[in-house]
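The structure appears right after this line, and notes come after that.
Read-outs: derived from the displayed coordinates by stated rules, not from any lab. Owing to the predicted nature of the structure, the values given are computational and were not obtained by experimental measurement.
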Ligand code: B12
């Protein structure tokens with residue numbers, strides 16, 4: 001967006017200006033600047049979660065709108081995503097280092113046909129930060145990948161992510177296969193992704209739809225506590 005990147009010294013900006021500049025830098029896919037901005041905000045005492053949501057997710061929302069409106073195209077969005085990942089890499093250990101007690105475990109992956117992973121990665125990071133052990137299957141997962149991972153890791157939770165209206169129905173394929181194999185009730189199934197909603201989550205037989213990573217953590221805690229209570233009753 002701005003042509004005068006070289007003239008801007010990020011550390012000299014106040015918090016509000018810096019966040020605005022980070023929105024521009026994310027938009028322009030400037031990974032190093034984003035990493036620097038994240039570090040400056042942390043050095044100023046910002047909580048990692050605040051940096052994540054206000055600077056990074058906030059910036060990505062603008063990118064999302066302009067992608068939707070045909071102002072940005074895939075190569076630019078990929079650069080923005082790459083810059084966001086640079087910032088997330090700095091935050092990840094900090095979010096995970098809260099020393100939270102072990103809450104449970106989760107297998108998570110983006111469904112078949114879908115390569116979006118930023119939201120899923122954010123959920124993984126936040127879940128790890130909240131004390132969950134997370135096995136991340138990555139992107140483009142056919143039903144077999146999920147089933148193998150459930151068998152191998154026996155997690156409390158299965159999480160599925162989809163960002164496309166064309167791939168979200170695949171979540172039902174996975175849940176239906178779990179039902180066929182008599183596995184469905186062994187796991188808490190959480191689903192998420194921008195095009196989903198609560199109604200869709202219910203319709204496909206998930207336990208819950210979570211609109212963002214913070215809700216995912218709260219919902220996971222609630223369901224795991226309920227599951228453990230049922231088991232001990
Ligand atoms: C970045 C991006 C890309 C990048 C992905 C890079 C990457 N590594 O992820 C690239 C450029 C590769 C890309 C490609 C495409 N994209 Co795209 N992309 C986006 C964009 C701009 C942002 C997505 C994002 O990262 N958001 C930020 C994160 C933090 O939010 P989130 O993903 O929603 O995740 C949060 C919640 O949803 C929730 N959540 C997410 N997953 C899960 C899982 C669980 C278990 C839980 C509990 C919660 C949860 O928590 C997360 C954190 O708070 C969106 C626009 C948008 N508004 O969503 C379009 C968007 C999703 N893409 C779109 C399209 C069309 C495509 C392409 C088909 C474009 C093309 N013509 O090639 C391809 C598809 C490729 C494929 N097969 O998957 C459309 C989808 C439209 C539709 N109705 O289906 C969107 C909506 C843009 C638009 N409006 O046109 N894209």
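Considering the stretch 85-233, its Cα convex hull presents a mean projected area of 8.5 nm². Give the angle, between 0 and 90 degrees and rounded to the nearest 10, that separates the Cα long axis of helix 31-43 from the longest principal axis of the Cα atoms of the chain. Its long axis makes an angle of about 90 degrees.
Principal-axis analysis of the Cα atoms of the chain puts helix 118-129 at an angle of about 70° to the longest axis. Can you give the relative contact order of the chain as a percent, counting alpha carbon pairs under 8 Å and 6+ residues apart? In percent, rounded to a whole number, it is 15. Dividing the summed helix terms, -39500 (n - 2.57) for each DSSP H run of n ≥ 4, by the number of residues in the chain produces a 222 nm estimate of -16500 deg cm²/dmol to the nearest 500.
Anisotropy class assigned to the stretch 157-233 is oblate, per the alpha carbon gyration tensor with a/c at or over the 1.5 cut-off and a/b no larger than b/c. By its C-alpha gyration tensor, with a ≥ b ≥ c as the square roots of the eigenvalues, how is the stretch 3-98 shaped: rounded for a/c under 1.5, else prolate for a/b larger than b/c, else oblate? Judged from the Cα gyration tensor, the stretch 3-98 comes out oblate (a/c at least 1.5, b/c at or above a/b).
Helix 74-96 and the long axis of the chain differ in direction by around 70°, with both axes built from C-alpha atoms.
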